[in-house]
Amino acid sequence: MSLNKSLPVLGAISMALLAACGAAPTPITIKETVQVQQTVVVEKTVQVPVTVAPAPIKAPQITLNFWHGYNPVETKLLDEKLIPAFQAANPGVTVKSQAVPYDDFHKKLLTAMAGGTAPDIARLDIAWIPEFAEMGALAKLDGMKGFNDLKGKMYPGPLSTNLWKGSYYGLPLDTNTRTLLWNKEAFAKAGVDAPPKTIEEFLAACAKLKAANISCFADGGTYGWAVMPWIWTFGGDITDKDMTKATGYMNGPETIAAYTFLKDMLDKGYLNKGILGGGFDANTAFAKDQQAMLLEGPWMPSIFASQFPDKKLNWALTPAGKGGAISVVGGEDIAVFQQSPNKEAAMAFTAFMLSADTQLAFAGVGQVPVRTDVTDAAVKAQPYFQYFFDQLKTSKARLPHPNWSKIESVLTDAGQQILRGEKSPKDALDAAAAKADALLK
């Protein structure tokens with residue numbers, strides 16, 4: 001929708017002309033056609049000073065700042081096609097997009113909010129909505145124009161990540177999960193016929209891959225996104241269902257078993273040391289058949305298409321353990337910040353980002369849509385999406401708690417202590433559970 005409003009045409013013309021006049025020259029009467037706001041044409045006999053040109057009529061200008069963490073391929077689509085389309089449909093509204101690295105995003109937002117310079121709109125990790133809503137940083141969207149219509153088109157799971165204390169503070173923008181990306185060529189070199197379906201098959205494949213001098217599995221760290229699939233697959237968790245305590249869960253026997261598994265994997269050379277840091281380039285190693293397996297998301301095909309176009313990607317469900325074949329629900333929500341002076345325009349941009357056309361455009365570069373009415377078209381355009389929809393059936397969301405970021409930091413540190421051999425899994429997780437208990441209160 002256009003946010004420009006029609007001006008009172010004759011009054012605006014008269015005021016502009018009078019303001020431009022100095023000494024009153026002899027007026028003449030002329031008949032002219034004046035075009036205003038591109039679409040309104042007024043034919044009127046008016047008196048104009050022949051020595052003064054009419055003053056231009058300027059439409060109100062609005063600038064929206066949109067922060068996001070899209071990858072370079074997605075950002076190119078956003079900046080070169082989607083934002084120009086929105087601006088063309090909404091003259092007078094300019095959208096400035098800023099890509100922010102994920103590792104810096106949370107801190108940058110907190111700093112901006114403290115300084116009164118928060119963006120108008122942001123694409124937020126689903127785990128951040130409760131935290132920022134509790135702080136009063138986000139605008140309630142329930143009463144905004146068009147909200148109920150958009151809400152009715154969303155999948156319930158992603159939609160639920162925006163609900164906090166009875167109000168919606170955002171809308172789902174995209175969803176995803178991690179599933180097994182396996183290297184068929186590397187498997188063939190090691191004599192492995194198919195992707196593993198169980199933890200036992202996973203370990204057997206790793207032994208053969210190591211013997212063939214191929215890295216079996218790699219991940220980027222010990223943060224929640226990386227370790228939660230293993231914790232759940234082994235039957236563990238980090239809190240009770242009501243999020244009131246971590247003791248007995250974060251340090252429970254199943255969670256300890258998951259971390260013991262990861263430490264054994266590292267010690268045997270099955271888990272790449274890049275999980276401890278050091279900047280291991282897993283994508284390049286995968287493209288060169290030096291890396292066999294990753295847990296990855298639906299953005300990978302577009303990344304490989306631009307960087308390694310000759311490498312074919314193969315997908316499978318995560319290997320199952322005691323708790324099942326469980327992965328982690330990811331995705332982002334779009335939210336309007338309370339500090340924004342242009343909430344109506346921000347909501348219009350939100351609606352544009354959630355339109356069927358925009359959702360399908362992002363599906364073309366690997367973003368799984370959140371609208372129920374575009375799923376079939378998305379799978380038709382991207383058949384591999386079906387693996388992610390299947391994995392999502394058993395995937396779980398990270399802790400929807402305002403202190404999740406701090407709890408995740410505790411979990412990350414414990415994982416590093418375990419994998420570096422600084423503490424046993426039990427000792428590290430006992431200490432982490434105690435810290436998490438305090439944060440849950």
Antiparallel as a % of all DSSP beta bridges within the chain, to the nearest 5?
70
Helix-only mean residue ellipticity at 222 nm, the chain, DSSP H runs n ≥ 4 weighted -39,500 (n - 2.57), per residue, nearest 500. What is it?
-12000 deg cm²/dmol
Please give me the summed charge of the neighbours of Met347: other residues whose Cβ is under 11 Å from its Cβ, Lys and Arg +1, Asp and Glu -1.
0
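Loop only per DSSP, at most 14 neighbouring Cβ atoms within 10 Å: give me the trypsin sites (Lys or Arg not before Pro) in segment 267-359, ordered by residue number. Write down the numbers at each step before the final one.
On the way: sites: Lys268, Lys273, Lys288, Lys311, Lys312, Lys322, Lys343; in loops: Lys288, Lys311, Lys312, Lys322.
Loop-located and lightly packed - Lys288, Lys312, Lys322.
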Add +1 for every Lys or Arg and -1 for every Asp or Glu among the other residues with Cβ under 10 Å from the Cβ of Thr318, and state the total.
+2
Between Leu64 and residues 5 or more places away or on another chain, which pairs have amide H atoms under 5 Å apart, with H built 1.01 Å from N, and which residues are they?
Thr94, Val95, Lys96
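Every read-out reported here was derived from the displayed coordinates using simple, explicitly stated rules and does not represent laboratory data. Here the structure is a predicted model, which means the values were calculated and not measured. Using ideal geometry, Cβ is built from the backbone for each residue, glycine included, and neighbour counts are taken over all protein chains shown.
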